[in-house]
Structures are given as C-alpha cells and as structure tokens.
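J.: Mind looking over this structure? Questions follow.
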Amino acid sequence: MSTALEARERSFFLNGEKLVLVSGAVHYFRIVPEYWRDRLIKMKACGLNAVETYVPWNLHEEVRGEFNFEGMLDVRKFIQIAQEVGLLVLFRPGPYICGEWDFGGLPSWLLHDPEMKVRSSYKPYTDAVGAYFGKLLPLVEDLQFSKGGPIVAMQVENEYGSYGNDKEYISFLKATMEKYKMTELFFTSENGMGVQRDNLPGVLVTANFQEYDHGYMIFEYLKNIKQPDMPLMVMEFWTGWFDHWTEKHHVWKSKEFKKVLDYILSEGSSVNFYMFHGGTNFGWMNGANEGLGATNEAGKEPYRADVTSYDYDAPLAENGDVTEKFHLIKELVQKYLPNQVTSLPDLPPNIPSTTYGKLSMTSYLNMNDLLTFIKQIESKKVVPMEMLDINNGGGQSFGFILYRTTISQGKQVKLTGTVKDRAIVYLNGEQIDVLDCTVEDHVIPLELASGENTLEILVENMGRVNYGDFQSPILNDQRKGLRNDVQLDGKVINSWIIFPMEFKKSFLQDISESFKWMNSDSSVNVLKSPRLFKATLDISSTPQDTYIDMQGWDKGNVFVNGFNLGRYWEIGPQQTLYIPAPLLKEGQNEIQVFELSKTNGGLVTFCDKPNLGELAEHTSDFDNTIVIQS
C-alpha cells in the first residue's frame, strides 16, 4: 500500500521521500473532455507533478436531488486520466469554490429558502452539503493515493478564514469527508486575511497570492508564527487575472511572474499555479464581483460580471496553446528541482484552429413565439427566479426571466429597489428603457395606447457573485430578477405572468424543430424586441477549433448544436467566443443566437484567432495584505 502524503519537518514526504509539489489548476468543467488529456500531458511536459481541480456543486446538482457526473462532469474520469499521465491530484471539492464561477459553485436552489445562510452551520445548508458529499466522495474514495490512486490531498472549504468563523461548520465538513473515508492530507488555502484566523487542528494552511510583497509577508507569518514546522505551499499562485465586462483584458507581465516564482521556489515552497489553464466559462457559469476594486461616483464598489473567456493570461491559453509563461515555469523548475524532472514527455503540438468564414442567419423566432415553448407561471407579485416553484422546488438557476402584465391606464411605472442584474422594459412589444443594478427605484414614464397595453420586463441574471469576505458577506443576497414590487402610479401591480427562460438543451431542440421560424431579413439591424436566430454551418472535413466573432451584434448568447457557448456583449472586452472542435461535427452544424437588440445584419464570422479585447497590464485589485504580529 502506498504511503500517504505527509507534512512535517518543513517538507512534504510521499512514500517516505521528500517532495516539492509543483501543481497547476485545470478545471475539468471548463474544458471539453476530449481535450483533458492534451492539457494534462502539457502540464507534465512542463515539469509539473500534480494537477489541482475544483468541483462545481452547481453543475453536479444543478437541480435539487438530480446529480450529474457524466460527460464534461465526469470528474472520476478526469482524475483517472491525470494518473495515467503521471500526475498527482490536489482535490478541492468545496462545497464553496469561488473560482470566478457563478455563486462560487454553490447551487442557486439553496436560495429558494428565504432564511438560507450559506457557508455556515445553518442546518438546511449542511443537510444539502451532506447529501451532495454523499454522492461525490464515494465516486473518488478509491482514487486516493493510499488506495492506489493519484489524490494526495483534499481541501476543506475555500478561503474560509477571510469569510467567517463558524468552527462548527468547518468541523462538519472535515467530519463528513472522513465519514466517506477520505483519509489523505487535509489542507485549506487562505489569502492574507485568512491565514491569520484559527484553523482546525491537523489541517495544513496554504497561501494564496500573486505579488512578491504579499507573498513575502505571508511566508514570514507562516514560517515564524502560524506553523513553523510545516512546509510552505502556495495553493494559488495567480498567474494572471480574470476580466469583467466593460474593462480591458488583463495580462500580467512574464517578467514579474518569473520574479515571484523564482522567490517561491527559492524558499523551498511547493506551488500550485492558479490557473495553469483557465479554459472557458461556458453557458451561464461566469461569476461576478461586488465589493472588490474601484468604486463608482457614489463611493460604492459596484457589481461587475465576469466575461465568458477564462483565459486568465495563464501558461496555457484558453484554447490550450503554450505561452511564454509555460517556458518560464519549465526553466525554473529545472533550475530548482532538477531531480524531479529527469524524464518528461514530449510536448504535444498546439491544437490547430481554422476559419470557416462568414455565415448569415437564415431564420428567426420572435419573442412571442419563443415564449410559447415555456410554461408560464401566474403570480400576484414579481418574485426572483430562485423563488419560482419549478425544478423540484428549487426555482430557476440561470438565464433570463420575463415578467408580463397588462395595464389600461397610468402615467408612470416604478421598479422599486434594484434589478438583478440588467433589465429591458417593453411596452406593447417595443423597448422603452434599459437599466442595471446600479439604478435604484427607477421611474419610467408611459405613453399608453387606448385599451389594454402589455408591459414586459426582461431581466438577465448576468452571474452571481462568487466571492465575499467578512467585510462584505453578500453571498446570501444573490437572488436574481425582480426582488421588489413594481408600481403603477404609486400602486403595486398585483397580476403577473412569469416566463423562466432557461435555454436548456431540451428546450433548444424543441424550438429548433418548430414550424414557427420566419425568414431573416438582413436589412433589419435594430430589433424592437429580442429574437432567437439560427443558421447552418456546413463543414466538409474533420472539424477544427474556431472562434465566432460577434462584433456588430449587441448582447446575447450563442448556442452550437445545442451547447451554450456563453455570453457576448458589444461593450467588451471580449469579442469572440471559443468553439472547441469537439462541439462541431462534419456536415451540418446548427448555430443559434439569442440577441437582445442589434444583429449586424444577421452576419457572424468564424475566425482562427481570439479577440479578447484591448490589453491592460494587471495590477491586482484584491486586498491581500497581512499584518505581521510578533
């Protein structure tokens, strides 16, 4: 039987031999499974000996009680491939993962409980975690190193020290892992705030940072005060940064990256590159921030949603291409750890990409026809999407939600509070206003026709916040849609029809076969209301990676053969969406575009290079400071 990973004498030991872990974050759920092996072999060829992955609860149990561990979510297969390649595995099952991922990986159906307190010992929450772990952990229990598998360490929660101090909750997580026979080394990863908080006995504290100054302070604290007999490890050495809509594309200079990595390895520390390969926030799964970074004119730190690409300026680009940082890592690993990289596999070539030229949308469904495929819900008041009585009583998780009512008189409508996250208001099928969550108690003047008028409010969930700390504990406040009353001339409107627009794969298949599609008119560029367009992309040979360029369109989502690629938005920075070749097929490929307002004449272009926007040198807006106490 293999000997488990041990942390003692300021070092890691595996099978009794000293080991420096050189790991990289690769999230299986951000990559099509056909490319898992390519990414993992490239890691091994770089000199890494481990891979780290989060586990997203909100995909594995998107609907309460319905679990999915197949296809792109086959975490067991991913771990097995890692072992075949020769990599150890650092397993980070959450339940909270942050990760610039919607709601930090927590399922939105938790919020159907109006009293929900996530990341705490609140019993409905821990009951849900227990049920989830009861499905997840038995799947990987036999893949632990001591039982012949590659998993050498498991994380307890994620950056909890900066969020809360509920020791009962953290103890429950560790006990639940042990209940399901998880016996490998337990660890937690913490930023500068978190490392100073109390941690569970027997749980190794590892560090998260990017800049040299922050790393130096955290290392000094860990070496001299927190755990002087334990090995140093940077569980998240941030190799780049993520992007928000309206900003530029962040990059971190390779020169600065090399300087900090040199310092980490010179200290004898183990390291995990976050990210080694970022991948893509397919579908609706991007996260958001609120309470981080720059403030607006009112002095508030605004809501900012992440883009679809999770390129991260990482050592492997979004499409898996090797970058300069890859070669810098290999150079420094060979310098400091020559005995660990004596035999490396050949580096696989980059996967080719191609252009498929221009494609015009051939047909469309208008909004009213689209809604006939959705079961409507009658309600006296508007409610957030999570509070709808659908999906096993867990509400709506993702997408858009449309609120419709009829009025015959009135001068103005008021949306009390704020919308979550962006709303378009229509009167009799024509757009009359657009607002986002920065606007409070918004009043819209009305010019009504005689008789009944249809008022509609379409709200987009642009991504739930994925990070909160004890200074900004906002995770329990992530319900989306309209959360407050809508008033007509000061009186609450109390009759609504609600349409949850989830765009699930079965829905897309049903509407694809509809007879209601109409021929597109390329001369119509500005839309009165949203439309779903479609076209057929013919591929005459083996498909290759490509990118769909949405410049000239406004805002929406692209679907390829029923797969939700993700969001585009003219405001940028990102202008193209990555299409991995396995999503395509030789022959006819159905491309669908749900567009809110502008269509570029119905024309899209397939190109062989990404356009992630104008570059901006990254300076972390994350406060990772630490006060060293003697």
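The values are calculated or read from the model by the stated rules, or taken from the named source; none is laboratory data. Remember, it's a predicted structure, so these values are computed and weren't measured experimentally. In this analysis, Cβ positions are derived from the backbone assuming ideal geometry, glycine residues included, and neighbour counts consider all displayed protein chains. We work out accessible area using only protein heavy atoms, side chains counted, and drop any ligands, DNA or RNA first. Shrake-Rupley method; radii C 1.70, N 1.55, O 1.52, S 1.80 Å.
J.: Which one of these does SER120 not meet: (1) under 25 Å from MET235 (Cβ atoms); (2) open to solvent by 10 Å² or more (accessible area, probe 1.4 Å); (3) over 23 Å from the mean Cα position of the chain (by Cα)?
T.: In the conditions (1) under 25 Å from MET235 (Cβ atoms); (2) open to solvent by 10 Å² or more (accessible area, probe 1.4 Å); (3) over 23 Å from the mean Cα position of the chain (by Cα), SER120 misses (3) alone.
J.: Might you check whether a residue that is of a type in the set (Val, Ile, Thr), surrounded by fewer than 23 Cβ atoms within 10 Å (Cβ to Cβ) and more than 18 Å from the chain's Cα centre (by Cα) occurs anywhere in segment 268-275?
T.: No, segment 268-275 has no match at all.
J.: Shifting gears a bit: Within segment 223-258, can you find the residues that are among the aliphatic types (A, V, I, L, M), out of contact with any His (no Cβ under 9 Å at 6 or more places or on another chain) and either assigned to a loop (DSSP other than H, G, I, E, B) or surrounded by fewer than 23 Cβ atoms within 10 Å (Cβ to Cβ) (or both)?
T.: ILE225, MET230, LEU232
J.: Still on this structure, I have one more. Condition first: in a loop (DSSP other than H, G, I, E, B) and either over 30 Å from PRO543 (Cα atoms) or aliphatic (A, V, I, L, M) (or both). Now tell me which residues in segment 337-352 satisfy that.
T.: Correct list: LEU337, VAL341, THR342, SER343, LEU344, LEU347, ILE351.
J.: Sticking with this one: Quick check on segment 5-20. Is at least one of its residues buried (at least 24 other Cβ atoms within 10 Å of the Cβ), among the polar types (S, T, N, Q) and either modelled with pLDDT under 95 or farther than 20 Å from ALA131 by Cβ (or both)?
T.: Looking for residues that are buried (at least 24 other Cβ atoms within 10 Å of the Cβ), among the polar types (S, T, N, Q) and either modelled with pLDDT under 95 or farther than 20 Å from ALA131 by Cβ (or both), one finds none in segment 5-20, hence no.
J.: Further question on the same structure: Would you confirm whether or not segment 466-482 contains a residue that is under 24 Å from GLU290 (Cα atoms), exposed (fewer than 15 other Cβ atoms within 10 Å of the Cβ) and of a type in the set (Phe, Trp, Tyr)?
T.: Checked against the condition, which is being under 24 Å from GLU290 (Cα atoms), exposed (fewer than 15 other Cβ atoms within 10 Å of the Cβ) and of a type in the set (Phe, Trp, Tyr), segment 466-482 yields at least one hit.
J.: Can you tell me which residue is least open to solvent (accessible area, probe 1.4 Å) among those in segment 306-344 that are over 26 Å from GLU100 (Cα atoms) and in contact with a Gly (Cβ under 8 Å, 6 or more places away or on another chain)?
T.: It comes out as VAL333.
J.: Also, I was wondering about something else. I need the full set of residues from segment 187-216 which are surrounded by 20 or more Cβ atoms within 10 Å (Cβ to Cβ) and hydrophobic (A, V, I, L, M, F, W, C), in order please.
T.: PHE187, VAL195, LEU204, VAL205, ALA207, PHE209
J.: Show the residue pairs meeting these rules: Cβ distance below 7 Å; 6+ apart or different chains; first residue within segment 573-585 and in contact (Cβ under 8 Å) with a residue 12 or more places away in the chain; second residue part of a helix (DSSP H, G or I).
T.: Pairs that qualify, where the first residue is in contact (Cβ under 8 Å) with a residue 12 or more places away in the chain and the partner is part of a helix (DSSP H, G or I), are PRO580/TYR35; PRO582/GLU34.
J.: Is segment 34-51 home to any residue that is of a type in the set (Asp, Glu), more than 16 Å from SER269 (Cα to Cα) and in contact with a helix residue (DSSP H, G or I) (Cβ under 6 Å, 6 or more places away or on another chain)?
T.: yes
J.: Of the residues LYS375, LYS358, only one is at pLDDT 95 or above, open to solvent by 60 Å² or more (accessible area, probe 1.4 Å), in contact with a strand residue (DSSP E or B) (Cβ under 9 Å, 6 or more places away or on another chain) and over 30 Å from ASP608 (Cβ atoms); which?
T.: LYS375
J.: Moving on. If you take the residues of segment 496-520 that are in contact (Cβ under 8 Å) with a residue 60 or more places away in the chain and assigned to a loop (DSSP other than H, G, I, E, B), which of them is most open to solvent (accessible area, probe 1.4 Å)?
T.: Per the criteria, the residue is LYS516.
J.: What pairs come out if I take residues in segment 607-630 that are modelled with pLDDT under 95 and pair them with residues that are surrounded by 12 or more Cβ atoms within 10 Å (Cβ to Cβ) and among the hydroxyl-bearing types (Ser, Thr, Tyr) whose C-beta lies under 7 Å away, six or more apart or interchain?
T.: Final answer for the pair search is ILE626/TYR221; ILE628/TYR221.
J.: Let me ask another. Restricting segment 306-324 to residues that are farther than 13 Å from PHE282 by Cβ, assigned to a loop (DSSP other than H, G, I, E, B) and not hydrophobic (A, V, I, L, M, F, W, C), which is farthest from the chain's Cα centre (by Cα)?
T.: Among them, the one singled out is THR323.
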